[in-house]
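A short worksheet on the structure shown next.
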Amino acid sequence: MVPIRIQPFFKISLQKTNGDISLTGGLLTCCNEYTFEVYVFGKEKHRLFLQTRLFPKNDTIVLKACCKKCGRNITVFDSRCDGYEHDKNYHNAEMIAEQFKCKKCQNTSFLVRIKYEYPDIQELQKLGIIEVDNAFSWIWITLECDKCGTKYKNFLDFETA
């Protein structure tokens, strides 16, 4: 399972079921390319050894990707409308996102790896959740600089349930 909005731009590389949890992982893609400019709304926190993570700002995290080839903007994650327990009263107020740059080389082009965790589909159906593809309970996004190869493992590590 992958959120409907992401399906056309997602190349699956991992599908795993462990008990009542399913994991789906892969790469963001557009125009048969894998490089994107990344824009974020949230608080970036930097730690030793280039560990950079994105945390909520005003209870919101947004991560968007812009295709380097065609310029298409893809909302990869928006905590206001994505996930298992998203805000049902969400209104589409535009957030001012900032471009993310590699901390090592200042490059702005990244591969975007995404992994979703889903609860058991029968549980979702029993709860009356209609959009089961968007009802993931956890998301992890890892960024990889396409110039120097620096990885920002679990740059976004967010529980939606």
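Just a few scattered comments:
- Between the amide H of Ile61 and those of Ser79, Arg80, distances stay under 5 Å, these residues lying 5 or more places away or on another chain, with hydrogens modeled in the peptide plane.
- In the chain, the DSSP-assigned H stretches of four residues or longer account for a calculated mean residue ellipticity at 222 nm of -1000 deg cm²/dmol, using -39500 (n - 2.57) per stretch and the full residue count as denominator.
- Just so you know, the Rg over Rh for segment 7-142 is 0.97, from Cα atoms, with Rh as the Kirkwood radius.
- With each label modelled as a point 7 angstrom along the Cα→C-beta vector, the Asp120-Lys43 pair spans 3.7 nm.
- Calculated FRET value between Gln106 and Ser13, using beta carbons and R₀ = 22 Å, to 0.05: 0.20
- Gain in span if fully extended, Ile21 to Thr60, counting 0.36 nm per residue against the direct Cα distance: 11.5 nm
- Over the chain, Cα pairs under 8 Å with separation of 6+ residues give a relative contact order of 25 percent.
- Peptides 125-131, 7-13 ranked from most to least packed by the mean count of surrounding Cβ atoms within 10 Å: 7-13, 125-131.
- Between Arg72 and Glu159, the FRET efficiency estimated from the beta carbon spacing at R0 = 30 angstrom works out to 0.60.
Readers should treat all values here as calculations from the given coordinates under stated rules, not as data from a laboratory. Since the model is a prediction, treat every value here as computed from it, not as a measurement. A quick note on method: Cβ atoms are made from the backbone with ideal geometry, for glycine too, and the neighbour counts reach across all protein chains shown.
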